[in-house]
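J.: So that we are looking at the same thing, I have put the structure below in structure tokens.
The numbers here are math on the coordinates, done by the rules we state, and not lab data. Note that this is a predicted model, so its numbers are computed, not measured. Note that each Cβ is placed from the backbone with ideal geometry, even for glycine, and that neighbours are counted across all protein chains shown.
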């Protein structure tokens, strides 16, 4: 594998993705900003004032890390799935397939694009959150590493979704029926300690619970789960999803006849 | 060394359709090769396998000595492809499309910008470099795909119906461009439905039908196989009675128009001698059909006749 060639190709994909995100900012940046502002206003301000304290913090402070993580997850996923499927649909994926860049470069380039959008939106939502409440950064390394790794996981999941998708409906099914329910049930708005034993146990099969809680621990210093489990879960998903992406791309699933 | 060697290439799609039944092809370095065949013959499948866009079922492909199965990167570096359908991001600008494509081949941005200027200029698209590509005309889109295929300066250019749907003026300017880059050393493989285009540009021709190569020869050789041609004669005066043109098969297409079949036993000089004798003055003459077209139809039809006999 020619490293220099692949470095330039990787940079080209990332640059293309960033330009795309910025060019269609009204679709990529504005909607999450509005949605998350509504979450802060309705759940944080209006309902939160009646909820009181959760996990030792005000309800607004408690939900802020989860809402930030939710925006990172959905935007990392959404960027890769829409960009890669768009390239498939428009045929310009062939520009990459006829080129000598490696399959790993194609995957990493798109993941980097997804992560950058996820983190960009996450930063913006953090700024919005700071206008509603005060957030500390108790464990910066955990905060940044877990948000980055979670973003990578969902960018990869978006890539796999795009490979299998045959029509635009197919890129909405996973976010609607899997990611959104798992996010809402992943402890964004509540501590799982409030749940009955069975649902506490069931929640532990939800990977988003680990991401949200590790991120909350990084910011507030409180978590419902052991942080080391969060890293194990996230790293395991990265290895599994990258291997799957690589094998599918090599086999040409969804892109080569 | 050959630019391209295809050995026993076969492709059966998942739905069971066999597009290629073990074709063999050899394209010399610097050649201008035409791949002809009716719709669904397997031309595009063959090309897309060579360009790594379709997986082969079996067979072997070598490009400038590199095996596609073992050295795909090297093979891809040598090939530029212009597909049949528009397949660039129509929301992007021509300049971005070219520079990004160069990036995919590991070409630095500064060099990519220089090359984009060169090829967009040569293909008369430089003024459109910052326009959104979907606003380009059909001919411009085709030229943009040619520029994109050339951005990494490949030694083998594969053109899959590059002039489909463009007007005759642009088509001829594209022919001139192809001839120039071929003269400068780029090997070209062309598929086209315009047989006049193949006759004009290519030195070698392969005819593919139902997944098999039914003819693979030099263009001159192929045209020599055509032993008769049909001419249409426009006459100065109306013919009131049937002319006596012994030895020729002919028919009256109107009072001033005569259609005559000229074979290799009776040359066109013999025909004009007879016309003089009959005092028939010819104001103009033309071939009824493109020679290659006639030959192509004959080859495809004869193959069909054989397969019908066998069945």
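J.: Which of these, B:47, B:208, B:268, has the largest mean-square fluctuation under a Gaussian network model of chain B (Cα springs below 10 Å)?
T.: Largest GNM mean-square fluctuation: B:268.
J.: Going by alpha carbons, how many degrees (0 to 90, nearest 10) lie between the helix axis of B:94-104 and the longest principal axis of chain B?
T.: 60
J.: Still on this structure, I have one more. How far apart, in nm, are the 7 Å Cα→Cβ label points at residue B:84 and residue A:145?
T.: 5.4
J.: Highest GNM mean-square fluctuation, chain B, Cα pairs closer than 10 Å: which of B:235, B:201, B:299?
T.: Maximum fluctuation in the GNM of chain B, among the listed residues, is at B:235.
J.: Moving on. If you wrap a convex hull around the C-alpha atoms of the range B:2-224 and split its volume per residue, what is the figure in Å³?
T.: 120
J.: Still on this structure, please answer the following. Over all Cα pairs of chain A, how is the pair count split among 10 Å bins, expressed in % and running from 0 up to the last occupied bin?
T.: 7, 30, 34, 20, 8, 1, 0
J.: Please label the shape of the range B:228-291 as rounded, prolate or oblate, based on the square roots a ≥ b ≥ c of the eigenvalues of the alpha-carbon gyration tensor (a/c under 1.5 means rounded; beyond that, a/b larger than b/c means prolate, else oblate).
T.: oblate
J.: Obtain the nm distance between the two label points defined at residue B:67 and residue B:21 by a simple spin-label model: each point lies 7 Å from its Cα along the Cα-to-C-beta direction.
T.: The answer from the label model is 2.8 nm.
J.: Build a GNM of chain B with springs between Cα atoms under 10 Å: which of B:78, B:266, B:193 gets the top mean-square fluctuation?
T.: Among B:78, B:266, B:193, the largest GNM mean-square fluctuation belongs to B:266.
J.: In whole Å, how far is the Cα centre of the range A:142-162 from that of the range A:12-88?
T.: Rounded to whole Å, the Cα centres lie 14 Å apart.
J.: What residues from the range B:170-202 fall in the zone where the backbone N is under 19 Å from a label point 7 Å along the Cα-to-C-beta line of residue B:221?
T.: B:188-190, B:198-202
J.: Let me have the relative contact order for the range B:228-291, percent, based on Cα pairs under 8 Å that are six or more residues apart.
T.: 50
J.: How many percent of DSSP beta bridges within chain B run antiparallel, rounded to 5?
T.: 70
J.: Suppose R0 equals 41 Å; then what is the FRET efficiency for residue A:1 and residue B:261 from their Cβ-Cβ distance, rounded to the nearest 0.05?
T.: Efficiency computed from Cβ-Cβ geometry: 0.10.
J.: Here is a follow-up. Counting only the backbone N, which residues of the range B:207-239 are under 14 Å from the spot 7 Å out from the Cα of residue B:249 toward its beta-carbon?
T.: Counting backbone N atoms under 14 Å from the label point, the list is B:227-231.
J.: If I take every Cα pair under 8 Å that is 6 or more residues apart in the range B:2-224, average their sequence separation and divide by the length, what percent do I get for the relative contact order?
T.: Taking the mean separation of contacting Cα pairs over the length of the range B:2-224, I get 29 percent.
J.: Please identify which residues in the range A:127-171 have an amide N closer than 18 Å to a label point set 7 Å out from the Cα of residue A:33, following the Cα→Cβ vector.
T.: A:127-133
J.: May I pose another question? To the nearest 10 degrees, how steeply does helix A:30-39 sit against the main Cα axis of chain A, on a 0 to 90 scale?
T.: Compared with the principal axis, the helix lies near 20 degrees.
J.: Continuing with this model, one more query. At what distance in nm do the modelled label points of residue B:229 and residue A:238 sit from each other, each positioned 7 Å from its Cα along Cα→Cβ?
T.: The modelled label-to-label distance comes out at 7.1 nm.
J.: Compute the helix-to-body angle for A:3-23: its Cα long axis versus the longest principal axis of chain A, expressed 0 to 90° and rounded to tens.
T.: 60
J.: Taking beta carbons within 10 Å but only from partner chains, what does the mean come to for residues A:4-10?
T.: 4
J.: Continuing with the same structure: How big is D, in µm² s⁻¹, for the protein assembly as shown by Stokes-Einstein at 10 °C and 1.306 mPa s if Rh is the Kirkwood radius over C-alpha pairs?
T.: Rounded, D is 57 µm²/s.
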